[in-house]
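Here is the structure we will look at, set down as structure tokens.
The values are calculated or read from the model by the stated rules, or taken from the named source; none is laboratory data. These numbers come from a predicted model, not from an experiment. Methodologically, a virtual Cβ is constructed for each residue, glycine included, from the backbone with ideal geometry; neighbour enumeration extends over all protein chains shown.
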Amino acid sequence: MNDWNSEQYLKFKAQRTQPAIDLTARLGGSPSEIIDLGCGPGNSTRVLKKRFPNAHIIGADYSENMLEKARSDNPDLEFVQLDLNDDLSAFHGKFDVVFSNACFQWLPNHRELLPRVFALLKSGGTLAAQIPMNFDEPIHKIIGRVSESPRWRDKFPEKRIFGTLTIPEYHDILSELTNDFEMWQTVYYHRMPSIESVIEWYRSTGLRTYLAALDKREGADFIADISKELEKEYPKQRNGEIIFAFPRFFFIANKTN
């Protein structure tokens, strides 16, 4: 699997960090042990440390590139490599807060995943997560449509499998874990200077696996085909900016036993 690019990801650091800030603000109490699952370059871990300065916080991620950046930018914090598909039993019952900002969507089988990460909590602990919920947004549909077009479909023999479920499905999973949970959705309307900036946003996330399968010239052509479609769906405002809507789903679930 191709690794992530932390520098590309952080081109929109403020926008990517805001959901972590908003989710952390909903957390109460005085947790002593926190793990940040899918911490990426450590921006969300830093948010947690600012909110809970006395807590022991671990940032965990699968990507070596992301962890290298996280450690470089946050030498006072602890980061470990962790694959959430592996056995997590060594961490069972260890944390007051299990936090995840824009990570779970990259993982399969959430019906099995969420109980596994919920087991990492102490009694009384809290699972707090944010998951992008942008399947109905133009850019998501355009990438899918272009990648499946006659020109490109043979370049992507392995179709991306999306693990994200519907909000009612998350409700049912959480209700089997606890009676004490809440859910909400926020749409972030990002002000973007151009279509190119929207492409740059997606290079480190939704376009990453597609571009990894193409050479440099093919990648440029693939981006050009997507850009043509984006221009139709994301019109310029009077000042030349583009409104880039990005819905995100949040939940907080407390372990009551």
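Structural remarks
- Residues of region 179-211 that turn out to be closer than 17 Å to residue 249 by Cα and charged (D, E, K, R), as a count: 1
- For region 125-142, the criterion of being over 18 Å from the mean Cα position of the chain (by Cα), touching a residue at least 40 places away in the same chain (Cβ under 8 Å) and exposed (fewer than 14 other Cβ atoms within 10 Å of the Cβ) is met by no residue.
- Test: residue 61 is touching a Ser or Thr at 6+ places or on another chain (Cβ under 8 Å), at pLDDT 95 or above and charged (D, E, K, R): no
- The residues on offer are 187, 198, 146, and the sole one that is outside any loop (DSSP other than H, G, I, E, B), at pLDDT 95 or above and within 15 Å of residue 228 (Cα to Cα) is 146.
- Within region 222-242, the residues that satisfy the criterion of being within 19 Å of residue 155 (Cα to Cα), touching a Phe, Trp or Tyr at 6+ places or on another chain (Cβ under 9 Å) and of a type outside the set (A, V, I, L, M) are 222, 225.
- Comparison of 79, 99, 91 shows that the only residue that is farther than 16 Å from residue 122 by Cα and among the hydrophobic types (A, V, I, L, M, F, W, C) is 79.
- No other residue among 23, 67, 27 is surrounded by 19 or more Cβ atoms within 10 Å (Cβ to Cβ), touching a strand residue (DSSP E or B) at 6+ places or on another chain (Cβ under 7 Å) and within 22 Å of residue 188 (Cα to Cα) apart from 23.
- Number of the exception - residue 123 against (1) part of a strand (DSSP E or B); (2) in contact with a strand residue (DSSP E or B) (Cβ under 9 Å, 6 or more places away or on another chain); (3) of a type outside the set (A, V, I, L, M, F, W, C): (2)
- Among the numbered conditions (1) of a type in the set (Phe, Trp, Tyr); (2) under 16 Å from residue 105 (Cα atoms); (3) at pLDDT 95 or above, the only one that residue 162 does not meet is (3).
- When the criteria are applied in full, residue 61 fails the requirement of being surrounded by 17 or more Cβ atoms within 10 Å (Cβ to Cβ), within 22 Å of residue 180 (Cβ to Cβ) and charged (D, E, K, R).
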